[in-house]
Structures are given as structure tokens and as C-alpha cells.
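The values are calculated or read from the model by the stated rules, or taken from the named source; none is laboratory data. Quick caveat: nothing in here was measured; it's all calculated off a predicted structure. When we count neighbours, we look across all protein chains shown, and the Cβ atoms used for this are built from the backbone with ideal geometry, even at glycine.
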Amino acid sequence: MILLPDVVRIVYRYLVGVPEVQAIVGDRVYSVFPRQLTEADPFVLVQRIGGTPVLPRPLVIDTALMQLDAYGGKQAVAHTLVATCRAALAELNGEQPNDDGNVCGVVVGALRYVPDETFPHPRPRYISDVEITVKPAGAILAGAA
Amino acid sequence: MPVRFAATFGATETVERLARPGLRPAARAVAQAIPTRVPVHTGGVKRTYKPTLDEQDDSIHVHVGSPFWHWLEYGTQFNPAYRPVENAVRSLGLRYEARSA
């Protein structure tokens with residue numbers, strides 16, 4: 001049985017290993033909202049918001065709609081962070097970032113400035129949509145050499 | 001039988017004119033679908049979703065009606081991004097296009 005990869009895990013593990021991202025957030029890349037940080041700590045949150053497999057059968061290629069939250073610090077830090085993450089993800093086309101799965105394509109989508117108003121002082125945050133197409137690590141499609 | 005193709009000018013306007021009768025039903029369907037995509041805990045947030053239609057010259061705006069819509073749509077520190085508006089549009093087989101803002 002071939003399982004579709006966990007796209008959140010792929011993106012999370014990839015971003016945490018990008019030196020330019022590390023320079024801004026260290027290892028603060030998460031898939032659930034972190035509770036232990038101060039409001040000055042910038043971080044990245046990776047969420048899957050939707051997406052369907054390209055074909056229902058065979059179930060070997062998935063297209064995930066992802067939301068990337070880049071929290072500042074300050075607004076400028078949040079913007080640098082989201083721009084860095086978008087650039088890093090845009091370099092993923094057709095490469096295999098880790099054993100979790102193979103990224104076949106990345107479409108970087110809309111960018112919005114949506115401060116998180118649920119903090120006492122609305123916290124600067126940029127949100128980017130990203131569409132990521134993946135297949136299981138090691139899966140070979142018909143016609144591939 | 002041979003087929004002959006002839007150029008037709010004003011194709012964009014023609015398509016827009018043909019599609020125009022479907023605009024209002026589509027907008028109404030989106031407005032009806034949005035609240036159904038809002039997650040329910042106590043129902044308080046869902047009740048704030050009261051979509052309305054705002055007809056323009058060549059388009060129809062669907063206003064969500066909730067002051068909290070962006071919390072549900074994009075998430076906060078207390079909840080993930082549920083995207084009820086986006087999911088409502090996609091659930092109807094319509095294409096969702098987001099613009100940077």
C-alpha cells in the first residue's frame with residue numbers, strides 16, 4: 001500500500017533546515033500554534049487548509065493547499081520572514097527535500113497582511129497561500145526513467 | 001465534412017453577456033453556502049455570518065457580514081484557519097482566486 005505523504009511535515013522539515021529561515025527564526029517552525037514563545041519571537045506556522053488528490057485512483061499524487069503564517073516581531077521582520085519562506089519553497093520544484101515525500105511542484109499564491117488581533121497588541125503577521133503537489137518518496141510514475 | 005473557422009471579434013463581451021444570467025444565482029449560492037462552512041462550537045460565531053449581495057455594474061459582491069470572519073478564515077492563536085469562505089466557493093465547483101492585499 002502506498003500512502004500519500006504528510007505535506008505539513010514535508011514543508012515544516014524543509015523550512016526548518018533552510019539557513020536563511022534559520023537566521024530569522026532559529027528552529028521556530030511549527031505545525032500547531034506554539035504557546036511557549038514571547039511576543040517578540042518571530043516564528044513560522046505551517047497549516048494545511050485544503051486540497052485534493054490530482055486523481056482519486058491511483059492515489060499517488062496529492063495537491064495540498066497550504067497556509068504559511070509568518071509572525072513578527074515587528075511587521076518588517078514578519079515580511080522578511082514570509083518572503084524568505086516563499087523564496088525557499090519556490091526552489092522546491094521537482095526536488096526531494098527529505099524521506100517524507102517528493103515535491104513535484106510549488107505554486108506560491110496570494111500574500112496578505114493580517115495581524116493577529118487576538119493578542120493584547122495585535123501581532124504583525126503575513127499570510128501566504130502555497131499550493132504544493134507531492135508524491136510518496138521513492139514512488140516512480142509510469143514513463144519515468 | 002470540412003470545418004471552417006472564422007475569427008469573431010468581441011468574443012470576451014459575448015461570453016460575458018452569455019454568462020451574465022448565471023451571475024446572480026451563483027452569488028446567491030455562495031452566500032448560502034458560506035455559513036454552512038463555519039465550524040460550530042456553541043453556534044455564536046456562526047450566527048454572526050449573515051451574507052448579503054451587493055450588485056455592481058458588472059459583478060456582484062458577496063459580503064460575509066461577520067466582524068469575525070477574518071479570524072475564522074485565516075486563523076488566530078486560538079483557532080486554525082478554517083477558510084469557510086474559500087471552502088464555500090470551492091464546494092460549488094467555482095474557481096477561488098485570492099489576491100494579495
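Residue by residue through the stretch B:51-72, note down the ones that are under 13 Å from the mean Cα position of the chain (by Cα) and either acidic (Asp, Glu) or within 14 Å of another protein chain (Cβ to nearest Cβ) (or both).
Going through the stretch B:51-72, the residues under 13 Å from the mean Cα position of the chain (by Cα) turn out to be B:51-54, B:59-64.
The one that is under 13 Å from the mean Cα position of the chain (by Cα) and either acidic (Asp, Glu) or within 14 Å of another protein chain (Cβ to nearest Cβ) (or both): B:Asp54.
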*So, of the residues in the stretch B:12-37 that are modelled with pLDDT of 95 or more and hydrophobic (A, V, I, L, M, F, W, C), which turns out to be surrounded by the most Cβ atoms within 10 Å (Cβ to Cβ)?*
B:Ile34
*When only residues in the stretch B:49-75 that are surrounded by 14 or more Cβ atoms within 10 Å (Cβ to Cβ) and touching a Gly at 6+ places or on another chain (Cβ under 7 Å) count, which is farthest from A:Phe33 (Cα to Cα)?*
B:Pro51
*Which one is farthest from B:Leu72 (Cα to Cα), of the residues in the stretch B:30-60 that are part of a helix (DSSP H, G or I) and of a type outside the set (A, V, I, L, M, F, W, C)?*
B:Gln32
_Members of the stretch B:73-100 that are in a helix (DSSP H, G or I), over 18 Å from A:Val44 (Cα atoms) and at the interface with chain A (Cβ under 8 Å from one of its Cβ atoms)_ = B:Glu86, B:Asn87, B:Arg90
*In the stretch B:79-96, how many residues are touching a helix residue (DSSP H, G or I) at 6+ places or on another chain (Cβ under 9 Å), closer than 17 Å to B:Val62 by Cα and not polar (S, T, N, Q)?*
10
*asked:* It is to be established whether one or more residues within the stretch B:31-50 are facing chain A (nearest Cβ under 9 Å) and within 26 Å of A:Met66 (Cα to Cα).
replied: no
*asked:* With under 17 Å from A:Leu89 (Cα atoms), surrounded by 14 or more Cβ atoms within 10 Å (Cβ to Cβ) and touching an Asp or Glu at 6+ places or on another chain (Cβ under 7 Å) as the only criterion, which of A:Leu4, A:Leu65, A:Leu15 stands out?
replied: A:Leu65
_Restricting to the stretch A:106-120, name every residue that is within 8 Å of chain B (Cβ to nearest Cβ), more than 15 Å from the chain's Cα centre (by Cα) and either within 21 Å of A:Arg86 (Cα to Cα) or among the charged types (D, E, K, R) (or both)._
A:Arg112, A:Tyr113, A:Val114, A:Asp116, A:Glu117
*asked:* Consider the stretch B:50-59. How many of its residues are at pLDDT below 95 and not acidic (Asp, Glu)?
replied: 2
*asked:* Of everything in the stretch A:90-99, what is among the aliphatic types (A, V, I, L, M) and without any contact (Cβ under 8 Å) to a residue 40 or more places away in the chain? Give them in sequence order.
replied: A:Ala90
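So that you can scan it fast, the table gives a plain yes or no per residue for (1) without any contact (Cβ under 8 Å) to a residue 60 or more places away in the chain; (2) crowded, with 20+ Cβ neighbours inside 10 Å; (3) hydroxyl-bearing (Ser, Thr, Tyr); (4) more than 10 Å from chain B (Cβ to nearest Cβ):
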{"residue": "A:Arg28", "(1), (2), (3), (4)": "yes, no, no, yes"}
{"residue": "A:Val60", "(1), (2), (3), (4)": "no, no, no, yes"}
{"residue": "A:Lys74", "(1), (2), (3), (4)": "yes, no, no, yes"}
{"residue": "A:Ala83", "(1), (2), (3), (4)": "yes, no, no, yes"}
{"residue": "A:Gly101", "(1), (2), (3), (4)": "no, yes, no, yes"}
{"residue": "A:Pro122", "(1), (2), (3), (4)": "yes, no, no, yes"}
{"residue": "A:Arg125", "(1), (2), (3), (4)": "yes, yes, no, no"}
*Kindly list the number of the only condition in (1) within 30 Å of B:Ala81 (Cα to Cα); (2) in contact (Cβ under 8 Å) with a residue 24 or more places away in the chain that fails for B:Glu16.*
(1)
